[in-house]
Amino acid sequence: MVFVAAVSLCSLLLAFSSYGNPFPFMGTLYAGEAAQRLVFVDTMICLYLVIGILKRQKLTVWLLIGYNLFDICNAWVNLALIPAAEYARLAEAPVPEHDLLFNTLFASLLLVLLNLYLYRIREFFDNRSPYLF
């Protein structure tokens, strides 16, 4: 349970740290105010999930599994639709396409394993209340 909370807290920090940077979402790189709004929504979702995990809320398990699956789909859509040259332009450094492919594959594998672990320990989430507070 602590492992899941730690991973979710890291996800929250990663979501918050991308504030002000271009945000890739469903094959489009958003910048400016649109990117800030997307980062804010992502951060609030992650915060809800972290609090739900700490309160052992049953609904949170299914929301977290869905969030992870959506994140995997988003990553693969971004990989397919945003060229590596665009990432290289933003990073101002060369970005090899095979590195993007490997990182996306590895992150997807980790999220699938996390989802399997969440499904396996779902009985530990025994708070049936849909409300966090």
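What follows is calculated from the coordinates using simple rules that are stated; it is not laboratory data. All values reported here derive from a predicted model rather than from experimental measurement. Because the Cβ atoms are built from the backbone with ideal geometry, glycine has one as well, and the counts that use them run over all protein chains shown.
Before moving on, here are some points about what is shown:
- Farthest toward the positive end of the dipole of segment 1-116, out of Thr104, Pro24, Leu116, is the Cα of Leu116, where the dipole comes from beta carbon charges about the Cα centre.
- The chain: angle of helix 97-120 to the longest principal axis, Cα-based, in degrees nearest 10: 10 degrees
- Euclidean distance of C-alpha centroids, segment 38-70 and segment 87-133, integer Å: 12 Å
- Of the chymotrypsin sites (Phe, Trp or Tyr not before Pro) found in segment 82-129, none is in coil by DSSP with at most 16 other Cβ atoms within 10 Å of its Cβ.
- Between amide H atoms placed 1.01 Å from N, distances below 5 Å from Tyr30 occur with Phe23, Phe25, all of them 5 or more places distant or on a separate chain.
- Choice from Asp71, Asp99, Asp42 with maximal GNM fluctuation in the chain (Cα, 10 Å cutoff): Asp99
- Solvent-free Debye scattering, log10 I(q)/I(0), computed from the Cα coordinates of the chain at q = 0.10, 0.20, 0.21 Å⁻¹: -0.37, -1.21, -1.28
- Relative to the longest principal axis of the Cα atoms of the chain, helix 2-17 runs at roughly 40 degrees.
- Table column - 3J(HN,Hα) (Hz), segment 47-53, Karplus curve with 6.51, -1.76, 1.60, x for Gly and Pro: 5, 4, 5, 5, 5, x, 5
- When +1 charges are put on Lys and Arg Cβ atoms and -1 charges on Asp and Glu Cβ atoms, the dipole computed for the chain relative to its Cα centre reaches about 640 debye.
- In the chain, helices alone account for a calculated mean residue ellipticity at 222 nm of -24000 deg cm²/dmol, with every DSSP H run of four or more residues adding -39,500 (n - 2.57).
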